[in-house]
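Bear in mind that the values in this text are calculations on the coordinates, not laboratory data. No experiment lies behind these values; they were computed from the predicted model shown. Note that each Cβ is placed from the backbone with ideal geometry, even for glycine, and that neighbours are counted across all protein chains shown.
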Amino acid sequence: MNKISLIIQREYLTRVRKKSFILMSVLGPLIFAAYILIPMYFATLEDKEEKTMVVIDDSKLFTEYREGEPRFVIPGTEFLKFQLVSGMEVENFRESFDESGYYGVLFIPSNILASESSLIYSTKQTSVEILQYVEQYMESEIEHLKLAQHEITDLERILTEVETNIRVRNVKWTKDGKTQESNTAVVMGLGYLSGMMIFFFIFFFGSQVMRGVIEEKVSRIIEVIVSSVKPFQLMMGKIIGVGLVGLTQFLLWMILSAVLVTGLKAAFFPELNRTPTEQVVASDLFDGGSANEESAAMAEQVPELGDLDMAQEIFASLKAINAGVMILAFLFYFIFGYLLYAAMFAVIGSAVDNETDTQQLIFPVILPLILGIYVMISAINNPDNALAFWFSIIPFTSPVVMMVRIPFGVPWWQVALSASLLVGTFLAMTWVAGKVYRTGILMYGKKASYREIWKWLRYSS
Amino acid sequence: MMRDSGIMLLSATEVIKDFSGHRALNQVSMDVPQGSVYGLLGPNGAGKTTLLRIINQITAPDQGNIHFMGEPMGSDHRHLIGYLPEERGLYKKMKVGEQALYLAQLKGLSRQEAMKRLKLWFEKFEIGAWCDKKVEELSKGMAQKVQFITTVLHEPQLLIFDEPFSGFDPINVNLLKQEILQMKEKGATIIFSTHNMASVEELCDHITLIHESEVVLQGEMSKIREQYRANTYQVNFQGDPEKLSRGLQSDFELLALEENGMGKEATIRIQEGEGSGPLIRNLVEVTEIKSFQEILPGMNDIFIQVVNDNTPKKDSEA
């Protein structure tokens, strides 16, 4: 036991002290923060530039007269101005378009009522936002016109009266008779994030285990080590040590990312910080007490509250997902998924003499993982279908797939079955891996293949 | 095969090991007396490394068993053995001092104790300055020294050296031999495997010669050399060579007669089972003896003879 802890210590310390680890720990959150902040930054940059769109309205349906001046009925925005011109053709603008500084030319044909189409001429691609803006206004304008032809009195009042905006919210009944509200998008995002993180973790640190095994084999120190400890102890020590490195890295990423994102947000986007609703929700969230009861109590009130703010709804959903269950499940699948795959990666490492030989052996190992990612993506939309069910039970894919199902609520027996199968498979796989590993690490110059590995498995020791 | 009696540190009994159709060891037995230097010899691929790995519990035998200090070999005995494998290796990216400490701790030494001993060894080999260097920065010879230290640091009862002198210059080979003999004096038992027969003659008390997975020669060095004596004697003499060759009785066969800077020299074989007395009496009559000495066969000759004797026999069996 003492020896395993020595091995874990070495595996952990040599990796954590490496420059690349420190670099990754710092760069990871920077990349992560950039991932979030750069789009935010661009979003604030965009449309700051004022654009002018020339309008040629042949239909005259969109021209109104104010104080004798013809004007375009669609109002401009802060960054988009319309300039109605009359007596000019589209072709007039073509020649000197670039010098004119116009964003585009909107042409409304005289037969718009029949054709239901108009055109924007420009040298650049028109942004989707502007297209949607123009389309929306033109649609409603023409709808109004068509309605007006029916000559209904009091039309405006009727229209305001019939206008309705339905939002569907999902309220779940739990077994213990409580009601919970969840926002599907938040639940989906959380499940997806957990699944992807587990996938990444298994893949990245699994291959680190493999590389560690190859390093010991190539440097030939392996024979010295296994004369001091059992091969199984060495393998387990390495797997656990590397796993702890991974956990450390993730913890560092989480902390640094949180610090970075909050810091940068405060520095560059002060207006985004602390809207009144956020303050309310935040104070609510951190209000101590038993989170479960409180969330249930809050969820009870939710339907009566009526028009809930979006942010509040997100926080409500986050609270409704049982945080304890979620974190426990994440840690469980995170750790056991890694352990299962790390044992397989260790076998591959023991079977080869150098890293380039690993490729053909790796493929069958990571295939179920990749399959798991595909099933996970489909399971997000339909967490209770048969595909998602089976893949969340099968131990090679369950760490990835089960994580997207859990936020939606999974019967306890399914979780128990999936979990016990995963632990069972991990134990069996580690036993098998230990047998192959102890033979593999002493083999040099053999062409690595699964046939060869099968042979080693059947050696007495 | 002849088995030794006395206190055995290690006994291997009828060990068999198969590797997918190939028998690497066939009924190999070996007794290593406490405090001896035991030579494990054999051509390449004979099965020496497999036997050493079994003794080190790196692999297990298919049949047969190993006893260490009278008990069946088990995990507890790992601390009492030090192993220097033929293919040397250390963690390249790890610092010398740290690595030595790690390996010593894996052999059950406490960190403090390992540190204390390491300091002594580094002083002895004058390599204290390397402590904070990474192994990849060392020359091959330097790394070998470090590896040797890590093998002996925990002062094991049994030391196993597989080709310990390869990669060392003559000065360091001597240094190493001194260390090995010193460890023997302190009571350690040493198994060592080599192709260098001169060092076998110099160091070993017992040997086992393995050929094609089987033991073909085993026993005390002195007895083996006795067994393979060719009954030949070397005589340095003064006088007429002609007179010597004519005066020699018919029981004695004159193999060579030469004259060189050292004087006149004759090589004479006597009949099997005879002592040297009659020859001396005969020689005294015909010449003046300056020196008289039995030619004992070198391990090199014995090795080649035994291996060659055993090779065709095995072929006809198969």
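Considering the options A:377, A:165, B:64, tell which one lies farthest towards the positive end of the dipole of the protein assembly as shown, charges being +1 on Lys and Arg and -1 on Asp and Glu at the Cβ, about the Cα centre.
Result: B:64, furthest along the dipole toward the positive end.
Place +1 on the Cβ of every Lys and Arg and -1 on the Cβ of every Asp and Glu in the protein assembly as shown, take the dipole about the Cα centre, and give the residue among B:7, A:339, A:30 whose Cα lies farthest towards its positive end.
B:7
How big is the charge dipole of the protein assembly as shown about its Cα centre, in debye rounded to the nearest 20, if each Lys and Arg gets +1 on its Cβ and each Asp and Glu gets -1 on its Cβ?
3020
Provide the per-residue ³J(HN,Hα) series for the range A:226-243, in order, calculated from phi with Karplus coefficients 6.51, -1.76, 1.60 and θ = phi - 60°, each as a whole number of Hz, with x at glycine and proline positions.
6, 7, 9, 10, 6, x, 5, 5, 4, 5, 5, x, 5, 4, 5, x, 5, x
7 Å from Cα along Cα→Cβ at both residue A:24 and residue A:363: what's the point-to-point distance in nm?
Placing both labels 7 Å beyond Cα along the Cβ direction yields 2.6 nm.
Going by how many other beta carbons lie within 10 Å of each one, how would you line up A:142, A:152, B:190, fewest first?
Exposure proxy ranking, most exposed first: A:152, A:142, B:190.
Enumerate the amide H contacts of residue B:216 below 5 Å, restricted to partners 5 or more residues apart or on another chain; note that Pro and chain-start residues carry no placed amide H.
Here the answer is B:209, B:210, B:211, since their amide H atoms fall under 5 Å of that of residue B:216.
Counting other beta carbons within 10 Å of each Cβ, put B:131, B:204 in order, fewest first.
The order, fewest Cβ neighbours first, is B:131, B:204.
Give the distance, in whole Å, between the Cα centre of the range B:81-125 and the Cα centre of the range A:85-132.
A separation of 81 Å, based on Cα centres.
What distance in nm lies between label points placed 7 Å from Cα along the C-beta direction at residue A:17 and residue A:132?
5.5
Extension gain residue A:78-residue A:258, at 0.36 nm per residue separation less the Cα-Cα distance, in nm?
Extra length from residue A:78 to residue A:258 when fully extended: 61.4 nm.
Eigenvalues of the Cα gyration tensor times 5, then square-rooted: what semi-axes does that give for the range B:8-226, in whole angstrom, largest first?
29, 19, 17
Quote the FRET efficiency, to the nearest 0.05, computed for residue B:174 versus residue A:431 with a Förster distance R0 of 45 Å and r equal to the Cβ-Cβ distance.
Computed FRET efficiency for residue B:174 and residue A:431 comes out at 0.40.
All other residues with a Cβ under 14 Å from the Cβ of residue A:152 taken together, and with Lys, Arg as +1 and Asp, Glu as -1, what is their net charge?
Cβ neighbours under 14 Å give a net charge of -3.
Which FRET efficiency value, to the nearest 0.05, do you get for residue A:144 and residue A:416 by plugging their Cβ-Cβ distance into 1/(1 + (r/R0)^6) with R0 = 60 Å? It would help to have the intermediate numbers written out before the result.
Numbers: r = 60 Å, r/R0 = 1.00.
The formula returns an efficiency of 0.50 here.
Once fully extended, how much extra length lies between residue B:301 and residue B:112, figured as 0.36 nm per residue of separation less the alpha-carbon to alpha-carbon distance?
Taking residue B:301 through residue B:112 to full extension adds about 63.2 nm, to one decimal.
Could I get the Rg over Rh figure for the protein assembly as shown? Both from C-alpha atoms, Rh via Kirkwood, rounded to two places.
Radius of gyration over Kirkwood radius for the protein assembly as shown works out to 1.24.
If R₀ is 60 angstrom, what is the calculated FRET efficiency for the pair residue A:390 and residue B:120, using the beta carbon separation as r and rounding to 0.05? Numbers along the way, then the final one.
Working: r = 64 Å, r/R0 = 1.06.
It comes out at approximately 0.40.
Residue farthest toward the positive end of the dipole of chain B, with Cβ of Lys/Arg at +1 and Asp/Glu at -1: which of B:292, B:183, B:89?
Of B:292, B:183, B:89, it is B:89.
Averaged across the residues of A:213-223, what count of C-beta atoms belonging to other chains lies within 10 Å of each residue's C-beta?
5
Would you pull out the residues with amide H under 5 Å of residue B:18's amide H, same chain only if 5 or more places away, H placed 1.01 Å from N?
Close amide H contacts, sequence-distant or interchain: B:24, B:62.
Using the 10 angstrom Cβ neighbour count as an exposure proxy, how do A:200, A:426 rank, fewest first?
Ranking A:200, A:426 by Cβ neighbours within 10 Å, fewest first, gives A:200, A:426.
In angstroms, what radius of gyration and Dmax does the range A:5-117 have, counting Cα atoms only?
28.3, 90
Treat every Asp and Glu Cβ in the range B:158-253 as -1 and every Lys and Arg Cβ as +1, leave all other atoms uncharged, and give the resulting dipole magnitude about the Cα centre to the nearest 20 debye.
It comes to approximately 260 debye.
What does the charge dipole of chain B about its Cα centre add up to, to the nearest 20 debye, if the Cβ of each Lys and Arg holds +1 and the Cβ of each Asp and Glu holds -1?
It works out to roughly 1460 debye.
Between residue A:2 and residue A:196, with labels modelled 7 Å along Cα→Cβ, what's the label distance in nm to one decimal, could you check?
Output for this residue pair reads 4.7 nm.
Please identify which residues in the range A:102-133 have an amide N closer than 17 Å to a label point set 7 Å out from the Cα of residue A:58, following the Cα→Cβ vector.
Those under the cut-off are A:105-122.
Per DSSP helix of 4 or more residues, -39500 (n - 2.57); summed, then divided by the residues of chain B. What does that give at 222 nm, rounded to the nearest 500?
Mean residue ellipticity at 222 nm (helix-derived): -10500 deg cm²/dmol.
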